[in-house]
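To start, the structure itself, in structure tokens.
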Amino acid sequence: MTLMKVKTHRMGGTPIVELSGELDISTAQEVDGELVRLDQERPPVIVLDLRALSFIDSTGLRSILAADARCRLYGGRLVIVPGPAGVHRVFRISLLDQRLEFTDDLDALVAEGGGR
């Protein structure tokens, strides 16, 4: 078992939430708490960086979907930096890779001010 680490920093004012370890039923509450905290600031974009994530289950997907829905409610966006192949596979098989917004170019996203 890999412990979950949640680290938030900013690039050009855009909050970047880096997750490492396993996002599952035992760790989702910690991730939810940080994403809800950021939602209260109502930033135009929240970036969720999954590159260091080693595992995600359906509870983790639910947390990400809930964060995306909250962002949309206030007109913001949740943008995801994909994780390793095994993690991203979960998004593909659930077809969430077609519903959620992903980017491989975090620098360009931040340089554009999070714009599309």
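Where a number appears in this text, it was derived from the coordinates with a stated rule and is not lab data. For clarity, every value in this text was computed on a predicted model and none was experimentally measured. Counting neighbours? That spans all protein chains shown, and the Cβs are built from the backbone with ideal geometry, glycine included.
Sparse packing (at most 16 other Cβ atoms within 10 Å of the Cβ) combined with a DSSP loop state is found for the following chymotrypsin sites (Phe, Trp or Tyr not before Pro) in the range 7-116: 74.
Put simply, the amide H of residue 101, placed in the peptide plane, has neighbours under 5 Å in 80, leaving out anything fewer than 5 places away on its chain. A crude spin-label estimate for the pair residue 32 and residue 7, with each label 7 Å from Cα along the Cβ direction, gives 2.6 nm.
Before rounding to the nearest 500, sum -39500 (n - 2.57) across all DSSP H runs of length at least 4 in the chain and divide by the residue total; then give [θ] at 222 nm in deg cm²/dmol. Display every interim value, and only then the final one.
Values: 4 runs with 45 residues, N = 116.
Here the helix-only value at 222 nm equals -12000 deg cm²/dmol.
List the GluC sites (Glu not before Pro) in the range 34-116 that DSSP assigns to loop (not H, G, I, E or B) and whose Cβ has at most 13 other Cβ atoms within 10 Å. Which are they? Please report the intermediate quantities before stating the final value.
Details: sites: 34, 41, 101, 112; in loops: 112.
Counting only loop positions with at most 13 other Cβ atoms within 10 Å, the GluC sites (Glu not before Pro) in the range 34-116 are 112.
Between residue 102 and residue 58, what FRET efficiency follows from the Cβ-Cβ distance if R0 is 22 Å, with the result rounded to 0.05? FRET efficiency, residue 102 to residue 58: 0.70.
What number, in percent, do you get for the relative contact order of the chain if the mean sequence gap of Cα pairs under 8 Å and at least 6 apart is divided by its residue count?
Working: 191 pairs, mean separation 29.4, N = 116.
Once normalised by length, the contact order is 25 percent.
Would you work out if the range 1-54 is rounded, prolate or oblate? Take a ≥ b ≥ c from the square roots of the eigenvalues of the alpha-carbon gyration tensor; rounded if a/c is under 1.5, else prolate when a/b is larger than b/c, oblate otherwise. Oblate, since a/c reaches 1.5 and b/c is not below a/b. Where in the range 34-63 is the amide nitrogen less than 20 Å from a point lying 7 Å along the Cα-to-Cβ axis of residue 25? Output list for this probe position: 54-63.
Annotation: average projected area of the range 5-111 is 5.9 square nanometres, based on the convex hull of Cα atoms across all directions.
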